[in-house]
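Asks: The structure under discussion is supplied below as structure tokens; questions concerning it will follow.
Quick note: the coordinates plus some simple rules give every number you see, no bench work behind them. These numbers come from a predicted model, not from an experiment. Positions of Cβ are generated from backbone atoms using ideal geometry, with glycine treated the same way; all protein chains shown enter the neighbour counts.
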Amino acid sequence: MLKTIFLYEWKLLLRNKILLLALILFTIIACISLNKGVTYYNIQKTEADTVRANTERAYLKLKNKFDTSNFNNLKRLNIEGVWAVDWSIWEYAVKEENPLSSLSIGQNDIFSKIKRTRFATEIFSNEQDEFKNPEQLLTGNLDLSYFILFLFPLLFISVSYNTASADKESGVYKILATQKNGIKSINTVRIIFKWLVSFAPVVFAIFTIYLIINGYKSFTATSFLQWIGIALLYALFWLSLVLFIINREWNSMINILSLAGIWLLLLIGIPGILNSWFQYKYPSNAQQEITRLRDEKSKLFELPYKDHILFFNVHFPNIKIDTTVNDTTEIRWYSAAVMELEKEKQVLNNIAANVKKQATKEVELFWINPIGGVMRAFTTISGSSLQQQQDFENHLMDFKQQRADYLIANHASKKHFGKEEFLGMPLYQPTTISKIPIWKYLLPISLLILLLGAGSLLNNKNYKL
Amino acid sequence: MRNIIKLTLTNVWRTRHLQIFACILLIAFLVSAINSVLVLKAKEQQFEMARREVRQAWLNQKPQNPHNAAHYGHYVFKPVYGVQVLDNGIGQFAGSIIRLEAHSQNEPKFSPAESRTESSRFGEMSFSWLLQVLMPLFIILLCFNAVSADKEQENLKLIAAQGISNKQYIAGKIAANFLIISTLTLAGLLTQWVVIKLMANANATAQDVLHGSIWFIVYLIYFLVIATMSVLASAWVGSSKNSLLLQVTVWVLFIVIMPKLTANIGTQLYPMQQRTDFENAFRIDEEKGINGHDPKSERYKKFEDSLLKKYKVDSITQLPVNLDGLAMDAGENYGNIVYDKHFAKIRNTIKQQNSITKYTSIINPFLAVRNLSMGLSQSDYQHQLKFVADAEQYRRYLINNLNSTMAYGGSKTGDWDWKVDSKYWETVKDFDYSRPSIAWSINNYIYELSMLLLWLVLSILFYLLTAKKMKLI
């Protein structure tokens, strides 16, 4: 039966010029989306590589300075001072590029992926951010995940909405009913064929992108397969939904209206409403936190000297302040610098806590916004989710603290910060991208597939001829 | 024609699915109004609080060297307006705060989307979103079988027998449907207005009302175009089913696919300059000028000599002014030229990228309306640019004021411990953003407005052609 129906549908497909045109059009759009993702990834990678090379060059230049300088003849603060080293090292933290971000750009075009590691530069500074076009951000990216989420269902709905009803309307239904396998099985197989045809542009795009990105550094087959798994799961959801609707035996008009309505609700209505609600419920607290940070930081240096000494001793318990090496102003600067970093970290944590509350609530609401769960799964696998950005920023913040501690401890305890100290200075090491389990994002859609599948299977209604 | 209108209205009134859709739209209008007003109110409060705090921090500075104050800097915030309840535009994706400080022009930062998950990319349910995305779909459902249903039910013969001309028949259909659409839209606008009045202490100024009224007219034109095209498509396409399929396909193409496609083509054709390239080019130009913090440089020496000549003295200690302040100011002036040159390139690229969407509005009126809607709600990129430009003008005033005080305020060159007293801070005026007028907003979107009107003219011509060519019987 399977072969016969597939052959029959294949013939129909070849005869249907509009459908063939639609398939070609969707394949072209899939290629455009693929090209968008790959171009975006390549640009990001080039930028990251340039920054890494610049960082390395700047380090060698500074090392050379330390190799050749006669510290006795130089003013201490000009080359080896805490802020001089911090400034002249020109080191950058680069968020590791994930080749799968060419499949789902996610929030990557909004987040800052390159930041200076200088401890005196606030982590909130946008001086290294790529230039952004807000209108482009508003419109969003036509990447492969968008193609799968939004366009694949449209193609599938348009080819399958009248699978049973058209036969009924044209009077072929009675002939089909005489077949031994039953109309329901025939319709199911026909819809599966149409699902496969609609999924063909996606398969083509996935295969092509595999050929492009499998040679990229840090490409992992497991993540790629997981990404395909999510795409398949989502496509299965639409298959089960269409089967469920077609089995209701409504006429073509009601079928198309119901399916288009569900598409609209799931992909535009519910996410749009929830997005607006989140904006109100969890407003960004970054603005106020960061403007206040500037004022709080500016007051730290003016704190009484005894407070600075106390703080310094607690923070650097192993360092005994030597008044012949360090004057009181220096200790003030050191202590204020560490205090500033602590404040900065606190603000970063406050902002992150606010965002985390929102992200957790969103996961709960994936039960009414299952497509949001699929989107989150895509971005997580592609390393472009908010949590991964926060991990990157937290890691950088910890590093800034480490660097400041090292520089201050060495300056406060030694007469010179020489070559040996310079070589022992910690350098930024990229954080490993945290593995976030994605199954919880996909639970709602999986359950929906099961329910819709069961609904289609258990529909034992006699087909009306 | 009156009978046709009456008949169409009665039919629509009896159609269950249209009633349901209209109810959903009305509820959505109310929900979007409440949500938008709450968000706007929170933004307004945040803006006011932050503005006051920052000004207070500026005024409360202790006596200190003006150049320290220039590094301490100032924050300016992008104001929010009542009319933005209608369309938040790029609000989610554009920074609304700029740090103003000596030596560098910072870009706006902290867009709300930076602290949001990927869900922010699904769009938000604002009034404009409902009108741009859902209303056209409602119009399609309303009009897709306006003529074809009469054809299928063979009512056309009866209509022709009553002596009704093609022109009257089609005009009646269009008028009846447009009446329903405009009533619904007006209901939506009134909902927004009532919610603003009740919940937001009516922070809608006369300018907001003016912007809102023109905004409403733009949407009415847009809906008239869609309704006309939809009714006419129903006349040309054989069956209601095919008419619906065709119109839904056009909706998907125009509203779902095309905006993304054009935006993506824009970024592919006009790639943005990378930050490292920008920095490199900027540094090369910057190093050609004077650096106020580098007295050993050749250019600084030249500047020093010119000053000594001007004041006819032999050494800087004899200068009646503070050389540091003047050198710093000269450095700022040079830096401004370099910044202007390089930022102009970036802004030009953004303009070129957006131009693809702009010019595509000749085939897609949705794109024209989307831009006009953002422009009239003052939540568009042009408005963002104006805010950035005004903030930069203020930064120049601020830094120049501080440098001049250092130069002419009585301090000597090299005396970095010299301080201005606390009263000085009050003499520096606060940032006062001048809201652009309605004419300014419209002027930015003349092309889009022309395209919308062109679509209106085309739909009228199409109506006349259809009335002439269509066979009722």
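Asks: Could you compute the net charge surrounding B:S239? Neighbours are other residues with a C-beta less than 12 Å from the C-beta of B:S239; K and R count +1, D and E count -1. Don't jump to the answer; show the numbers that get you there.
Replies: Values: positive: B:K151, B:K241; negative: A:E169, B:E152.
Computed value for this residue: 0.
Asks: Over 18 Å between Cα atoms: which of A:K132/A:K435; A:K36/A:K132; A:K3/A:K184 fall into that group?
Replies: Values: A:K132/A:K435 28 Å; A:K36/A:K132 16 Å; A:K3/A:K184 16 Å.
With Cα atoms farther than 18 Å apart: A:K132/A:K435.
Asks: How many nm is it between the label spots at A:V203 and B:W13, if each spot is 7 Å from the Cα in line with the beta carbon?
Replies: 5.5 nm
Asks: Right, next: Which links in B:K41/B:K341; A:K65/A:K115; A:K281/A:K400; A:K440/B:K43; A:K61/A:K113; A:K299/B:K429 stretch past 28 Å when you go from one Cα to the other? Write down the numbers at each step before the final one.
Replies: On the way: B:K41/B:K341 38 Å; A:K65/A:K115 24 Å; A:K281/A:K400 33 Å; A:K440/B:K43 33 Å; A:K61/A:K113 25 Å; A:K299/B:K429 23 Å.
The pairs that break the limit, which is 28 Å between Cα atoms, are B:K41/B:K341; A:K281/A:K400; A:K440/B:K43.
Asks: With unit charges on the beta carbon (Lys/Arg positive, Asp/Glu negative), name the residue among A:Q226, A:L239, A:I183 whose Cα is farthest towards the positive pole of the charge dipole of the range A:168-244.
Replies: Positive-end residue among those listed: A:I183.
Asks: Now for a separate question. Starting from the Cα of B:I284, step 7 Å along the direction of its Cβ; do the same at B:S213; then give the gap between the two resulting points in nm.
Replies: 5.4 nm
Asks: Related question: Just in the range B:431-472: which trypsin sites (Lys or Arg not before Pro) are loop by DSSP and have at most 13 other Cβ atoms within 10 Å? Spell out each step's value before the answer.
Replies: Numbers: sites: B:K468, B:K469, B:K471; in loops: B:K471.
Answer by residue number: B:K471.
Asks: Give the angle, between 0 and 90 degrees and rounded to the nearest 10, that separates the Cα long axis of helix A:328-365 from the longest principal axis of the Cα atoms of chain A.
Replies: 10 degrees
Asks: From other protein chains only, count the Cβ atoms within 10 Å of every residue's Cβ in B:243-250, then give the mean. The partial results should precede the final answer.
Replies: Numbers: counts 0, 5, 7, 0, 0, 6, 4, 0.
Mean partner-chain Cβ count within 10 Å for B:243-250: 3.
Asks: Just want the ordering: B:K43, A:K217, from fewest to most Cβ atoms lying within 10 Å of their own Cβ.
Replies: Values: B:K43 23, A:K217 8.
With the fewest neighbours first, B:K43, A:K217 line up as A:K217, B:K43.
Asks: Just in the range A:314-386: which GluC sites (Glu not before Pro) are loop by DSSP and have at most 10 other Cβ atoms within 10 Å?
Replies: Details: sites: A:E330, A:E340, A:E342, A:E344, A:E362, A:E364; in loops: none.
Loop-located and lightly packed - none at all.
Asks: Along the positive direction of the dipole of the range B:313-424 (beta-carbon charges: Lys, Arg +1; Asp, Glu -1; about the Cα centre), which of B:Q382, B:V313, B:S361 reaches farthest?
Replies: The one lying farthest along the dipole's positive direction is B:S361.
Asks: Another question about this same structure. Helix B:275-286 sits at what angle to the longest principal axis of chain B, using alpha carbons and giving 0 to 90 degrees rounded to 10?
Replies: Taking the Cα atoms of chain B, the angle to B:275-286 is about 40 degrees.
Asks: To continue, here is another question. Excluding A:T68 itself, what net charge comes from residues whose Cβ is under 12 Å from its Cβ, given Lys and Arg +1 and Asp and Glu -1? Before the final figure, lay out each step's value.
Replies: On the way: positive: A:K61, A:K63, A:K65, A:K419; negative: A:D67.
Around A:T68, the charge tally is +3.
Asks: Counting each DSSP H run of 4 or more residues in the protein assembly as shown as -39500 (n - 2.57), what helix-only mean residue ellipticity at 222 nm follows after dividing by all residues, to the nearest 500 deg cm²/dmol?
Replies: Mean residue ellipticity, 222 nm, calculated: -22500 deg cm²/dmol.
Asks: Another question, if that's okay. Could you tell me whether the range A:162-296 comes out rounded, prolate or oblate from its Cα gyration tensor? Rule is a ≥ b ≥ c as square roots of the eigenvalues, rounded for a/c under 1.5, then prolate if a/b exceeds b/c, otherwise oblate. Display every interim value, and only then the final one.
Replies: Numbers: a/c = 4.46, a/b = 1.73, b/c = 2.57.
Oblate shape, in that a/c is at least 1.5 and b/c is the bigger or equal ratio.
Asks: Would you work out the relative contact order for chain A, in percent, from Cα pairs under 8 angstrom that are 6 or more residues apart? Please report the intermediate quantities before stating the final value.
Replies: On the way: 461 pairs, mean separation 115.1, N = 465.
Across chain A, relative contact order equals 25 percent.
Asks: What is the gain in length, in nm to one decimal, between A:K180 and A:V314 on full extension, counting 0.36 nm per residue of separation less the C-alpha to C-alpha distance? Intermediate results must be reported in sequence, preceding the final value.
Replies: On the way: separation 134, 0.36 × 134 = 48.24 nm, distance 8.51 nm.
Full extension of this stretch gives 39.7 nm more.
Asks: Oh, and also: Given R₀ = 25 Å, FRET efficiency for B:T205-B:L179 by Cβ-Cβ distance, to 0.05?
Replies: Numbers: r = 31 Å, r/R0 = 1.25.
Between B:T205 and B:L179 the formula returns 0.20.
Asks: Under the rule a/c < 1.5 gives rounded, and otherwise a/b versus b/c splits prolate from oblate, where does the range A:118-215 land using the Cα gyration tensor?
Replies: Details: a/c = 4.88, a/b = 3.03, b/c = 1.61.
Because a/c hits 1.5 or more and a/b exceeds b/c, the range A:118-215 counts as prolate.
Asks: So if R0 is 60 Å, what FRET efficiency would A:W250 and B:S306 give, r being the distance between their Cβ atoms, rounded to the nearest 0.05? Working shown, then result.
Replies: Details: r = 87 Å, r/R0 = 1.45.
For R0 = 60 Å, the calculated efficiency reads 0.10.
Asks: Another question about this same structure. In a shell of Cβ-Cβ distance under 11 Å around B:Y445, excluding B:Y445 itself, what net charge do Lys and Arg (+1) and Asp and Glu (-1) give? Working shown, then result.
Replies: Working: positive: B:K358, B:R370; negative: B:D380, B:E448.
Neighbourhood net charge equals 0.
Asks: Just name one of A:Q389, B:M1, B:V209: the one whose Cα is farthest towards the positive end of the charge dipole of the protein assembly as shown (beta-carbon charges, Lys/Arg +1, Asp/Glu -1).
Replies: Comparing the listed Cα positions along the dipole, B:M1 ranks first.
Asks: Measuring from label point to label point, each 7 Å out along Cα→Cβ, what is the A:K217 to B:L190 span in nm?
Replies: Calculated label separation equals 6.5 nm.
Asks: Nearest 0.05, what FRET efficiency do A:K45 and B:L454 give at R0 = 56 Å with Cβ-Cβ as r? Mind dumping the intermediate values first?
Replies: Numbers: r = 43 Å, r/R0 = 0.77.
That gives a FRET efficiency of 0.85.
Asks: Express the relative contact order of chain B as a whole percentage, based on alpha carbon pairs under 8 Å and six or more residues apart in sequence. Working shown, then result.
Replies: Values: 563 pairs, mean separation 123.1, N = 473.
Relative contact order, chain B: 26 percent.
Asks: Another one. Looking at the calculated P(r) for chain A, what percent of the C-alpha pair distances fall above 39 Å? Write down the numbers at each step before the final one.
Replies: Details: 43522 of 107880 pairs.
Summing the P(r) of chain A above 39 Å gives 40 percent of all pairs.
Asks: Stretch A:K299-A:F131 to full length: gain in nm at 0.36 nm per residue minus the Cα-Cα span? Don't jump to the answer; show the numbers that get you there.
Replies: Details: separation 168, 0.36 × 168 = 60.48 nm, distance 3.28 nm.
Residue separation times 0.36 nm, minus the Cα-Cα distance, leaves 57.2 nm.
Asks: Could you work out the mean count of beta carbons from other protein chains within 10 Å of each residue's beta carbon in B:378-391? Display every interim value, and only then the final one.
Replies: On the way: counts 0, 1, 3, 5, 0, 0, 2, 0, 0, 0, 0, 0, 0, 0.
So the per-residue partner count for this stretch is 1.
Asks: Let me ask you something else. Let me make sure I get this right: for the protein assembly as shown, a, b and c are the square roots of the gyration tensor eigenvalues over alpha carbons, sorted descending. Under 1.5 in a/c it's rounded, otherwise prolate if a/b > b/c, else oblate. Which is it?
Replies: Working: a/c = 2.62, a/b = 1.80, b/c = 1.46.
The shape class here is prolate.
Asks: I'm checking a number: the convex hull volume of the Cα atoms of chain B, normalised per residue, in Å³. What is it? Kindly include the intermediate steps, with their values, before the conclusion.
Replies: On the way: hull volume 77.6 nm³, N = 473.
Hull volume over Cα atoms, normalised by residue count, gives 164 Å³.
Asks: What does the charge dipole of the range B:2-469 about its Cα centre add up to, to the nearest 20 debye, if the Cβ of each Lys and Arg holds +1 and the Cβ of each Asp and Glu holds -1? Don't jump to the answer; show the numbers that get you there.
Replies: Values: 48 positive and 37 negative charges, 324 e Å.
For this selection, approximately 1560 debye.
Asks: Using only Cα atoms, find the angle between the long axis of helix B:16-59 and the longest principal axis of chain B, and express it within 0 to 90 degrees, rounded to the nearest 10.
Replies: Taking Cα atoms only, the helix is inclined about 10 degrees.
Asks: Could you calculate the contour length gain from B:E107 to B:N443, that is, 0.36 nm times the residue separation minus the distance between their Cα atoms, to one decimal place in nm?
Replies: Working: separation 336, 0.36 × 336 = 120.96 nm, distance 2.52 nm.
Gain on stretching B:E107 to B:N443: 118.4 nm.
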